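Notes follow once the structure below has been shown.
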Amino acid sequence: MSFPYRHLGSGADWELNKTHGGLFLFPPQAHHSTNISQGGDVGHFYYNRDFFENSSAEYVLISGSQFVANLNYLPLFHYHLETGADVTLLTTQHDIIQELKNCLKLVLDKNNKVIAITNDKQNQETFCGVYLLHKSLLLELVDECVANHKSYFFWDGIRANLEKLHIAAYHYDGYHSIIHDVAGYFRQSMKLIKPENYRQLFRNYPPVFTKVSNHPPTRYQHTAIVKDSLIATGGALIEGTVENSILFRGVKVKKGAVVRNSIIMQDGEISADSQLENVILDKQVVITKNQMLKGSIKHPYIIEKKSII
């Protein structure tokens, strides 16, 4: 079973396993139409248009996977209705240049109407990749893109019609991350070690849960030294030193091993007397005895799933 299916399942954990509505997963499809260009998302909307047409919902909220936050979208929806906008974009403000290289920036008028979409990194008004529009407009723009052999819905359907559409901006200032690459994932994940950041993302209403696990509680042996770290409550065994790190379920840090500023994913094993710093280990990676792996904040050392080093 592929990654999203394993983690989302039937949607029962989020009360989305309903007879009408609920959670639907659409696998990727090959684009057979000569009018649909390869590489973009227009084809995914086009080939699944019967889902939109058969749905009783009038509006569509589109969110990319780069934006990470715990927020209620109802205020955005109400703002969209109040302004009478055709499309409403979720925005935030960033002043960290290194996080902005792939983010679109918005130029707004005094009424929060979008008058330009740019790549100007000095502009702090950042598009989060989340937007709301009416279902009929979505399908109309999809058909327009297909007719003109265009590939990317937001770029070719919305941005290209900036002068024709009323595009509003709704600002969000709660805790969030925008992640475009591995280095960004590393930086943003490490911020969650601070309790205030962790609480804002996971403990605000509604709280964020993971799937149920039957692991026994994490064990800390008398040789363990743990400082400023976020460690799963189940299945881990800590005998060595862990500092400023994130450890998933089932991770084992053997006696004499040292893990600093690192992310160790599920069922990883760090053998005796090995040292890791600024490292990301994918699932089920084994680091044998007396190894030394060291990366940097900008370029963490990455080990792929099920590797043995």
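The values are calculated or read from the model by the stated rules, or taken from the named source; none is laboratory data. Just so it is clear, the structure is predicted and the values come from calculations on it, not from any experiment. Cβ placement follows ideal geometry from the backbone for every residue including glycine, while neighbour counts extend to all protein chains displayed. Heads up: the accessible areas ignore ligands, DNA and RNA and are worked out on the full protein's heavy atoms, side chains in. Shrake-Rupley method; radii C 1.70, N 1.55, O 1.52, S 1.80 Å.
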Expressed as an acute angle from 0 to 90° and rounded to the nearest 10, what is the orientation of the C-alpha long axis of helix 74-83 relative to the principal long axis of the chain?
20 degrees
Put Thr88, Thr218 in order of accessible area, largest first, probe 1.4 Å, and you get Thr218, Thr88
If I stretch the segment between His20 and Lys283 completely, what's the gain in nm (0.36 nm per residue apart, minus their alpha carbon distance), one decimal?
91.1 nm
How about region 209-238: which trypsin sites (Lys or Arg not before Pro) there lie in a loop by DSSP and see at most 15 other Cβ atoms within 10 Å?
Lys211
Nearest-0.05 FRET efficiency for Leu71 and Asp228 at R0 = 22 Å, using Cβ-Cβ distance, is 0.20
So, with +1 on the Cβ of K and R and -1 on the Cβ of D and E, and no other charges, what is the size of the charge dipole of region 249-309 about its Cα centre, to the nearest 20 debye?
80 debye
Just the Cα atoms of the chain: what Rg and Dmax do they give in Å?
22.6, 68
How big is the Rg/Rh ratio for region 45-167, C-alpha atoms only, Rh by Kirkwood, two decimals?
0.96
Listed pairs Lys135/Lys298; Lys194/Lys252; Lys121/Lys306; Lys110/Lys135; Lys227/Lys289; Lys110/Lys194 exceeding 31 Å between Cα atoms:
Lys135/Lys298; Lys121/Lys306; Lys110/Lys194
Classify region 168-210: rounded, prolate or oblate, from the alpha-carbon gyration tensor (a ≥ b ≥ c, eigenvalue square roots; a/c under 1.5 rounded; otherwise prolate if a/b is larger than b/c)?
oblate
Charge dipole of the chain about the Cα centre (unit charges at C-beta), most positive-ward option of Tyr59, Gly21, Leu230:
Leu230
Taking a cut-off of 19 Å between Cα atoms, list the lysines near Lys113, but don't count ones fewer than 8 places away on the same chain.
Lys105, Lys164
Relative to the compact-globule scaling 2.2 N^0.38 Å, provide the ratio for the alpha-carbon radius of gyration of region 129-197.
1.56
Give me the angle, in degrees from 0 to 90, between the Cα long axis of helix 182-191 and the longest principal axis of the Cα atoms of the chain, rounded to the nearest 10.
70 degrees
Distance-filtered residues of region 238-270 - backbone nitrogen under 16 Å, label point 7 angstrom along Lys306 Cα→Cβ
266-269
More than 22 angstrom apart: percent of Cα pairs within region 158-286
46 percent
What order do Phe153, Phe248, Phe209 take when sorted by accessible area (1.4 Å probe), most exposed first?
Phe209, Phe248, Phe153
Looks like region 51-92, by Cα gyration tensor root eigenvalues a ≥ b ≥ c and the a/c under 1.5 rounded cutoff (else prolate when a/b is bigger than b/c, oblate otherwise), is oblate
Between the helical axis of 135-147 and the dominant principal axis of the chain, each derived from Cα atoms, what acute angle in degrees is found, rounded to the nearest 10?
90 degrees
Rounded to two decimals, the Rg over Rh value of region 194-243 from Cα coordinates and the Kirkwood Rh reads 1.04
In the calculated pair distance distribution of region 210-309, what percentage of Cα-Cα distances lie above 16 Å?
49 percent
With +1 on the Cβ of every Lys and Arg and -1 on the Cβ of every Asp and Glu, and nothing else charged, how large is the dipole of region 127-174 about its Cα centre, in debye rounded to the nearest 20?
20 debye
